[in-house]
Amino acid sequence: MFRKTAGSAFPRWSRWGRTRGEAVTTAPPPLLSMEGVTRRFGGFAAVEDVSLSVSKGEVLGLIGENGAGKSTLLNLISGTDHASAGTLTVRGRVADYTSYHEAATHGVFRVFQELALLPNLSVWENLFIGHEEHFQRFGIIDRRSAIIRAREIMERFDHGWIDVERRVESYPFAVCQMIELFRAFALSELLEQEDPIILLDEPTAALDHDEVEYLRSMIETIRDRSAIIFVSHRLAELLEWSDRVAVLKDGRLVGQGDADSLSEESLHYLMVGRERDQVFYREGRQREPGPTELLRVEGLGDGESFEGVDLRVREGEIVGIAGVLGSGKSEVGRAVFGDRPATGTVRTRGELLTRRSPRHSARLRVAYVPPERKVDGFFDTMTVSDNIAIGSVVARNRGWVFPRTAQRVARRMIDRIRIKTGGDTASILSLSGGNQQKVVFARCLSTDVKLLILDNPTRGVDAGAKEEIYDLIRDLTDEGVGILLVSDDLLELIGLSNEIVVMKGGRVTARVSAPTDAKPTEQELISRMV
Amino acid sequence: MTKPSLDPPVAARRTEPAVSPTRGQAGRARVNWYVAAPFVVLVLLIVGFSIASPIFFTPDNLLNIMQSSAVLLVLALGTTVVMLTGSIDLSIGSVLTLSAYVAAIAAQSAGTTAAVLLAPLVGLVCGALNGALISYARLPSFLVTLGGYFAFDGLAGYLSDGQPIGLAYGGVAEGFGGSVGGVPVISLWAIGLLVLVVIAARYTRFGRYLYAVGGNERTARLTGIPVRRIKLYVFLLSGVLAGAAALLQLVRTASASPGMGEPFLLLAIGAVVMGGTSLSGGSGGPVHSIMGVLVIAILANGMVLANVNPYAQNVIIGVVVVAAVALTMKRTRDSIVK
């Protein structure tokens, strides 16, 4: 399938690599191997002392919790990040790529978790992007031959129906995922790589059953001539597809073995089991919920990402929603807040909500902290105090606003939740991530909030600021505020929540109560998530 | 709420340094410069023209400048409000023309009161059309108001057959013409509207929402701000102000003429941007726009007095607008402001 090229297979690496004189005669040498690879961010090691290898014809499954270091590891291999220590060897040469482009030139291709296609360009342009020089004639791209080449590739992979001249954005997400996969092959062919190393970062997360099956068959057809690293949250899939499985936990390789000899249970066991620091999550301050029901959700569904979700949050209670990416947990949070249309009933304090929108929610003292702080968490044109005060302007529901009063309220809030800022009139952009997040909280709190919906409230926040946010959350529950907590961080969910609702594929699969003296383990949750 | 209690080890573990005071001060100094720059340009212009022409710095001429800047100021106020939300209104000039024609026709047949009421009302209707298409049909403001730019002007031409319609003496001209204590009445009206818009932007919920919507529409929505309604209001306001400006211009020129509003459009946008209101929304404000309006009015007046070649005048206005924006614009965002 891949075009045979004449001449030596590796002449062009001589410029980069030193030859490691290891001659292995018994087994084929691994296409990719790493030894003692470490990546530190400040004092924190995202990947630590990982040694792995993948041979031609082999599929290596890589698994681990969110934050275990899977993506970082793939970044190191694909040249988008640099190892702090350790060596990476590709085809027997030390690989020290400075960009993904360079890695691709050397036969390392990656299908990114979040689509890395340019939606406004056509399929063929995406297939060959960054490598157009192969179709160039006197500096002008020979569109026709590139399009013909792209069509050949599509046809060869039984996707001839994809019109390579159409824009990528006109195809649904799953098709785009396939296109991205084809790009890895198209490029490996274009760059005359006979044995590509292909990194698949959760390629199945957004695919439906048939597409997953197709992807599987595709991997089968190419596995003989390539080395594949496959990351997935779906354990069964991972075990079925891989020859070997490696488990990462907190950046370290905690185990690897033949897929045949492993079971889902044994993988669970290896993946989790981080020590949970009870002081860190302020578990001693967990409250018994009060009698008033702040939120009751019944049969919530949006016909797309979740269905039949029931929830209940009482006074002073923290209800966590756990689930992997694509489980629908974030969408449930947004739908409850009214930021996403959904059917089903939502009651706050017994009152049935007939119209749901962020505006109506805000009036009922419900606030939402979005997961992407930088994108929609705050107003980057405003000062710290204006960012906070706008919350009370919305809530007070009066026509007049007095800047002085608003600023005083904001200043009090800055003191109360200890926002570290150069002054209340400093730009919010001058704050650290943790303090920006506290400003987002402050805006919600300036409305005398009754129910708070949090989506990954400590994402991208350092440990010190996390603790302050946990303190704040506990303070709020002391006042009787109910909290619906959506989080990717299982320990955070377990540590903070009174009850955890576990979701999988858009449905609630379990409700685990988590009293202070009998917190569930990560394993218990994960077995319902994957 | 009780103060969050921090365990000692937590406090000790805080690694991130608070924002250093030097950084904060540098930021503040720069903000002051952005506010001061148009003022500096203004002072330079005044000094320059005073030297170039003995007539420039006389009470009569200063009043003249006030009067000539009144219409531009009112239009700039509407443009400021629209631009604060990150939208743009390209139709204000045509709305002015249309409103002026309707008012002039009404003044002939139905009397003064009808004319005075109809001008802002026509503006309001035009603004409602723009606003409804932008907020509820979710079309880009640039496109919708570009359509308005042609359509309202065309409508005015249709009404008038392309002929100017004069304003009879007395009536409207009397009520709005003349001066009070030496200050032209139309300037007083412009100042009155300025005060209203400044108060609205600073001291009302609507005003705060303008900045929020312009700052980040999505965050505004998540905070519970009725983003679409605010956008509708903004275009209504812009329309009404264009209608009011039509009345003032009608009084100044004593007639409605084809295309009378068109030259104001880009001058108003230029004045607002020069004043420091960002085209992408969220920063600036009506007070800022005063500076921009004055710079343009003084430049136009001074260059005539200083006998600058009329073609060169346009070149100079162009250069000053770009230079002033280059001086005043906050370039905090990495991307190129479109």
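The values are calculated or read from the model by the stated rules, or taken from the named source; none is laboratory data. For clarity, every value in this text was computed on a predicted model and none was experimentally measured. No Cβ is skipped: glycine too gets one built from the backbone with ideal geometry, and neighbour counts run over all protein chains shown. What goes into the accessible areas is simple: the full protein's heavy atoms, side chains included, and nothing from ligands, DNA or RNA. Shrake-Rupley method; radii C 1.70, N 1.55, O 1.52, S 1.80 Å.
Matching residues to (1) part of a loop (DSSP other than H, G, I, E, B); (2) within 18 Å of B:Gly239 (Cα to Cα); (3) in contact (Cβ under 8 Å) with a residue 24 or more places away in the chain; (4) of a type in the set (S, T, N, Q):
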| position | (1), (2), (3), (4) |
| --- | --- |
| B:Asp89 | yes, yes, yes, no |
| B:Leu98 | no, yes, yes, no |
| B:Ile105 | no, no, yes, no |
| B:Leu117 | no, yes, no, no |
| B:Leu121 | no, yes, yes, no |
| B:Gly131 | no, yes, yes, no |
| B:Phe152 | no, yes, yes, no |
| B:Leu159 | no, no, yes, no |
| B:Ile186 | no, no, yes, no |
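For region A:259-301, name all the residues that are open to solvent by 30 Å² or more (accessible area, probe 1.4 Å), touching a strand residue (DSSP E or B) at 6+ places or on another chain (Cβ under 9 Å) and farther than 24 Å from A:Ile494 by Cβ.
Correct list: A:Leu262, A:Pro291, A:Thr292, A:Glu298, A:Gly299.
Can you tell me which residue within region B:47-90, out of those that are within 21 Å of B:Arg138 (Cα to Cα) and small (Gly, Ala, Ser), is most open to solvent (accessible area, probe 1.4 Å)?
B:Gly86
Looking for something crowded, with 23+ Cβ neighbours inside 10 Å, over 17 Å from B:Gly78 (Cβ atoms) and touching a residue at least 40 places away in the same chain (Cβ under 8 Å) - is there at least one such residue anywhere in region B:251-259?
Looking through region B:251-259, at least one residue is crowded, with 23+ Cβ neighbours inside 10 Å, over 17 Å from B:Gly78 (Cβ atoms) and touching a residue at least 40 places away in the same chain (Cβ under 8 Å).
Examine region A:394-408 for a residue that is more than 8 Å from every other protein chain (Cβ to nearest Cβ) and either under 27 Å from the mean Cα position of the chain (by Cα) or buried (at least 22 other Cβ atoms within 10 Å of the Cβ) (or both), and state whether such a residue exists.
Scanning region A:394-408, I find no residue that is more than 8 Å from every other protein chain (Cβ to nearest Cβ) and either under 27 Å from the mean Cα position of the chain (by Cα) or buried (at least 22 other Cβ atoms within 10 Å of the Cβ) (or both), so the answer is no.
Suppose we filter region A:434-473 for residues that are within 8 Å of chain B (Cβ to nearest Cβ) and within 21 Å of A:Gly284 (Cα to Cα); how many remain?
7
How many residues are closer than 12 Å to A:Glu298 by Cα and charged (D, E, K, R) if we restrict to region A:329-352?
Qualifying residue count, region A:329-352: 1.
I'm checking my understanding of the structure. Among residues of region A:132-153 that are closer than 17 Å to A:Leu121 by Cα and of a type in the set (Val, Ile, Thr), which one is surrounded by the most Cβ atoms within 10 Å (Cβ to Cβ)?
Only one residue fits best here, namely A:Ile147.
If you check B:Ala242, B:Ala254, B:Ala271, which single one turns out to be more than 14 Å from every other protein chain (Cβ to nearest Cβ) and farther than 28 Å from B:Thr112 by Cβ?
Unique residue meeting the criteria: B:Ala271.
For region A:336-362, which residues satisfy the criterion of being at the interface with another protein chain (Cβ under 7 Å from one of its Cβ atoms) and open to solvent by 40 Å² or more (accessible area, probe 1.4 Å)?
Hit for region A:336-362 is A:Arg359, nothing else.
Residues that are under 30 Å from A:Glu317 (Cα atoms) and at pLDDT 85 or above: does region A:264-279 have at least one?
No, every residue in region A:264-279 fails to be under 30 Å from A:Glu317 (Cα atoms) and at pLDDT 85 or above.
Taking the condition out of contact with any Gly (no Cβ under 8 Å at 6 or more places or on another chain) and without any contact (Cβ under 8 Å) to a residue 12 or more places away in the chain, does B:Tyr203 pass?
yes
Looking at B:Ser255, B:Ser278, B:Ser283, which one is of a type outside the set (A, V, I, L, M) and in contact with a Pro (Cβ under 6 Å, 6 or more places away or on another chain)?
B:Ser255
The rows are residues; the columns are (1) touching a residue at least 40 places away in the same chain (Cβ under 8 Å); (2) open to solvent by less than 30 Å² (accessible area, probe 1.4 Å); (3) of a type in the set (Gly, Ala, Ser); (4) within 7 Å of chain A (Cβ to nearest Cβ).
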{"position": "B:Thr219", "(1), (2), (3), (4)": "no, yes, no, yes"}
{"position": "B:Thr223", "(1), (2), (3), (4)": "no, yes, no, yes"}
{"position": "B:Ile230", "(1), (2), (3), (4)": "yes, yes, no, no"}
{"position": "B:Leu236", "(1), (2), (3), (4)": "yes, no, no, no"}
